[in-house]
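The values are calculated or read from the model by the stated rules, or taken from the named source; none is laboratory data. Small disclaimer: the values here were computed from a predicted structure and weren't measured. Note that we place each Cβ from the backbone using ideal geometry, even for glycine, and neighbour counts take in every protein chain shown.
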Amino acid sequence: MRILIDNIIYRENAFEHRVNCVSILIVVKKKLLIVSDSHGNFVNLRKAVEIEFPFDYLIHCGDGIRDIAQVELPGGIVVVKVAGNIESYISPGTEKIEIFEVSGTRIMVTHGDQLQAHHGMDGVLREAVSRGADLVFYGHTHKKALTGSRPLLFNPGPLSNGSYGTAFIGDTLELHHRKL
């Protein structure tokens, strides 16, 4: 929060008036915890939640979405999850791509397997552009990455080995790779 205080003095009909003007500019940023490829390591998911709380969104980019049920999440957190190639067999019916907005930023979440992420980002980028995404969170490759301009492509890396990411979205966008 930024607070600006001005002390203004003006004269009117020979009387002096002192006016304090307070302008308060509150910049609200939403915090997102981004994970992928937890592969049953719910202990690492629990650690990431404990380290990063408070946050507004938990994003799971697939291959371990059932791990979320093993972690007690504080109330009010929005969970966005997509199926990875593992969930295609375990949890049929879970969406492979989710689109949502945070503070005017259109976000696409995908595991990336169905878009051939192991062979490059062309498929992911094409899908993101076709859906009007500003930002893409993906997994599957088990490699941390941040590429592009708009849309930005962000892979938090595999949570199974302690990698995850955070994002702060408001007037500006911040993306960070983290390690347990």
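Mind checking which pairs have a first residue in the range 124-152 that is at positive phi and surrounded by fewer than 22 Cβ atoms within 10 Å (Cβ to Cβ) and a second that is in a loop (DSSP other than H, G, I, E, B) and not acidic (Asp, Glu), Cβ under 6 Å, 6 or more apart or different chains?
So the pair list comes out as His142/Pro158.
Pairs needed: first member in the range 66-86, surrounded by 14 or more Cβ atoms within 10 Å (Cβ to Cβ); second member anywhere, in a strand (DSSP E or B) and of a type in the set (Asp, Glu); C-beta distance under 8 Å; at least 6 residues apart or different chains.
Final answer for the pair search is Val80/Glu98; Lys81/Glu98; Val82/Glu98.
Of all residues in the range 87-115, count the ones that are surrounded by fewer than 20 Cβ atoms within 10 Å (Cβ to Cβ), more than 13 Å from the chain's Cα centre (by Cα), not hydrophobic (A, V, I, L, M, F, W, C) and not in a loop (DSSP other than H, G, I, E, B).
Total satisfying the criteria: 3.
Residues that are over 18 Å from Ala83 (Cβ atoms): list the strands (runs of 3 or more DSSP E) wholly contained in the range 116-158 that include at least 3 such residues.
Details: elements: 135-137, 145-147, 152-155.
It comes to 145-147, 152-155.
Count, please, the residues in the range 32-49 that happen to be crowded, with 18+ Cβ neighbours inside 10 Å and not in a helix (DSSP H, G or I).
8
Read through the list (1) at pLDDT 95 or above; (2) out of contact with any Ser or Thr (no Cβ under 7 Å at 6 or more places or on another chain), then give the number of the only condition that Leu45 fails.
So the condition that Leu45 fails would be (2).
Tell me, yes or no, whether the range 70-78 has at least one residue that is over 25 Å from Ser103 (Cα atoms) and modelled with pLDDT under 95.
Initial filter on the range 70-78 (over 25 Å from Ser103 (Cα atoms)): 70-72.
So of that shortlist, the ones also modelled with pLDDT under 95 come out as 72.
Yes: the range 70-78 contains one or more residues that are over 25 Å from Ser103 (Cα atoms) and modelled with pLDDT under 95.
Scan the range 165-174 and give yes if some residue there is in contact with a Phe, Trp or Tyr (Cβ under 7 Å, 6 or more places away or on another chain) and among the charged types (D, E, K, R), otherwise no.
Yes, because at least one residue in the range 165-174 is in contact with a Phe, Trp or Tyr (Cβ under 7 Å, 6 or more places away or on another chain) and among the charged types (D, E, K, R).
Counting just the residues of the range 52-65 that are among the aliphatic types (A, V, I, L, M) and either touching a Ser or Thr at 6+ places or on another chain (Cβ under 8 Å) or free of Cβ contacts under 8 Å to residues at least 60 places away in the same chain (or both), which one comes out surrounded by the fewest Cβ atoms within 10 Å (Cβ to Cβ)?
Leu58
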